[in-house]
1. Could you list all residues from the range 62-90 that are without any contact (Cβ under 8 Å) to a residue 40 or more places away in the chain and of a type in the set (A, V, I, L, M, F, W, C)?
2. So in the range 203-228, with the set limited to residues that are under 17 Å from Q164 (Cβ atoms) and not acidic (D, E), which one is most open to solvent (accessible area, probe 1.4 Å)?
3. Might you let me know whether the range 156-168 holds any residue that is among the hydroxyl-bearing types (S, T, Y) and exposed (fewer than 14 other Cβ atoms within 10 Å of the Cβ)?
4. Just name the residue that is most open to solvent (accessible area, probe 1.4 Å) out of those in the range 172-190 that are part of a helix (DSSP H, G or I) and among the aliphatic types (A, V, I, L, M).
5. So which residues in the range 43-63 are charged (D, E, K, R) and over 23 Å from Q125 (Cβ atoms), if there are any at all?
6. Determine which single condition E193 fails, assuming it passes every other condition in (1) surrounded by 12 or more Cβ atoms within 10 Å (Cβ to Cβ); (2) over 29 Å from D74 (Cα atoms); (3) without any contact (Cβ under 8 Å) to a residue 60 or more places away in the chain.
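The values are calculated or read from the model by the stated rules, or taken from the named source; none is laboratory data. It should be emphasised that the depicted structure is a prediction, and the values quoted were computed from it without experimental measurement. Here the Cβ is made from the backbone with ideal geometry for all residues, glycine too, and neighbour counts use every protein chain on show. To get the accessible areas, we keep the full protein, side chains included, count just its heavy atoms, and leave off ligands, DNA and RNA. Shrake-Rupley method; radii C 1.70, N 1.55, O 1.52, S 1.80 Å.
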Amino acid sequence: MKVKVSYQTLQLPPPLAFAYTLEMEFFDEEIRIQYDLEFLNRDEITLEEIEEEGFSANDDFSWTGTLGKAWVEDLYDDLLEADLEDESEDFNIYLHMEISHKGEEDSGIAVMAEDWDYRLQEVIQAIYEKAGIEEKLKLKFINQAGGESTFYQLEGSFEHKTCQINKKDINWEDLHQLMSDVYTIDFEGESVEKPSGDGLWIDQDAMSGYQLFDEQAGPKADKIKSRILEILER
């Protein structure tokens, strides 16, 4: 099976606006990939404005390589069953697929565009990890209660679709739930090297220091914290 994804943001201004193509050829043990990223409309703003947003003069990127069997198993069947349509009412993104399989071809706009956007961003994260541009996902947690402290360290690999907490495997779906709950907060509070006081403390990249989740998660903090701890303690 061969798949070509063409993606473009529709509402983002420069220097954030971008488009990419992702060409994938599926085999039993791997996906061969060509990925090309282009930032759009940057001629409309100055280099100073670009750099103020944390970008450089040229952030376009191309990569050719492979991802392994875990990604074949994750994507193959769902791509074959992807719902495509001629037009879309999504004003935020354009996500077009061309799928060729056993002599049959299908193309169109992805109906479940937000879902596919999320899944394809994970593929792109795997590409950046394999290319050595991004590190593996790493977080540290300390839960303090009643004078006792418990430490958890998470390491996840998008390239291999694996995740461990304190070197014990968890499944990818649990990682999704955990990340969804962790990023209930924006990590805009004060970071500390050594937590003091009860609560769930999180270091979002295992480098920046700990922030107290309980203070930033709002009225549902206890419920969300309970879900996080349930996964961490498995």
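1. Of everything in the range 62-90, those that are without any contact (Cβ under 8 Å) to a residue 40 or more places away in the chain and of a type in the set (A, V, I, L, M, F, W, C) turn out to be A82, L84.
2. Filtering the range 203-228 down to residues under 17 Å from Q164 (Cβ atoms) leaves 203, 205-206, 228.
Imposing the further condition that a residue be not acidic (D, E) reduces the set to 206, 228.
Working: A206: 26, I228: 0 Å².
Taking the candidates together, the pick is A206.
3. First, the residues of the range 156-168 that are among the hydroxyl-bearing types (S, T, Y): 157, 162.
Then keep just the ones that are exposed (fewer than 14 other Cβ atoms within 10 Å of the Cβ); that gives none.
Within the range 156-168 (the criterion being among the hydroxyl-bearing types (S, T, Y) and exposed (fewer than 14 other Cβ atoms within 10 Å of the Cβ)), the answer is no, since none of the residues qualifies.
4. Going through the range 172-190, the residues part of a helix (DSSP H, G or I) turn out to be 172-182.
Checking which are among the aliphatic types (A, V, I, L, M) leaves us with 175, 178-179, 182.
Details: L175: 5, L178: 1, M179: 29, V182: 0 Å².
Out of the qualifying residues, it is M179.
5. Initially, the range 43-63 is screened for residues charged (D, E, K, R), giving 43-44, 48-49, 51-53, 59-60.
Passing the criteria: D43, E44, E48, E49, E51, E52.
6. So the condition that E193 fails would be (1).
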